[in-house]
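Report on the structure given below.
The values are calculated or read from the model by the stated rules, or taken from the named source; none is laboratory data. This one's a predicted model, so the numbers in the text were calculated from it and none came from an experiment. Note that we place each Cβ from the backbone using ideal geometry, even for glycine, and neighbour counts take in every protein chain shown.
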Amino acid sequence: MIFPGKLARRVIWSSRIQLVAERDAADLVRTPFPDDEPALTREEIRALRDKIELLRVTQSRWQAVQQRQEQAVALFKGPAAEAALHRQTLLRFFDLRFKNSPEGQKRLMAIRAGSGDADLVQDVSDLLLLCSEHAEALRKAPRGEADAAARLRALSPELARMLADKTFSPEAQRARKLRDAAYTLVMHAERRLRAAAEYWYAGTDRMKDYAPFPASRGAASTGEEEEEEEEEGEAAAENGAPEGDASEGGATEDGAPGEDEDEG
């Protein structure tokens, strides 16, 4: 499984560390970790391969959900733009009809309040209720108001469905949390291997095989930057909070945890 963006490079980096750890296992398993940490074993070193594969799988699932959401966002734009035009047509009609009605004006203010896609879908519903209450006057209106109401009536269920599809759904949240949790498992395992390697190989060329993933292209990461990166991944795994995913070259960056998601 191959996926674009920094996370792909991150996985390759972790896979290389796992391979050199297997090479150096005879040393690493004798590392005297503190009493509150378990000893490093050959099984743990080998298990990093499974954790990396789990990260690949969960990333692929997250990407699939994310791509469906992006498609839904694109599909929503056309009907939403049309609905907004019909909304304006009907608001103009009701502005005049409720010129002397404080109660009617209050309903129009509520429709105009707020912004965004969810508000638009609710506005369509509220306007259709007004249209049904004033159907006879609407039929007599000369500037296409009846046609606007008919189109909104047809668009309303379509907009509601599309809004649900483009929203960060429970399925998307689960996929993201699973991916972030898998990422955290890899980071934790890699951190223990690096600590063991530091004990055995600090100051030698072999330590370069365990270097942290660069914080940015062409730049070597410091230990502090790596720790910050891992903490960001762990925080994302805990909350699975929805967030916008930036992209590289216009393609989705996949919301890779701890990988400078805002990079474009």
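Structure values in brief
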| read-out | value |
| --- | --- |
| Members of the stretch 78-121 found to be of a type in the set (Phe, Trp, Tyr) and over 15 Å from ALA150 (Cα atoms), listed by number | PHE94, PHE98 |
| Wholly enclosed helices (runs of 4 or more DSSP H) of the stretch 1-108 bearing at least 1 residues of a type in the set (Phe, Trp, Tyr) and closer than 30 Å to ALA182 by Cβ | 6-23, 42-97 |
| Residue identified as assigned by TED's automatic domain parsing to the domain that holds ARG153 and within 23 Å of the chain's Cα centre (by Cα) among ALA135, ALA80, ALA110, ALA64 | ALA80 |
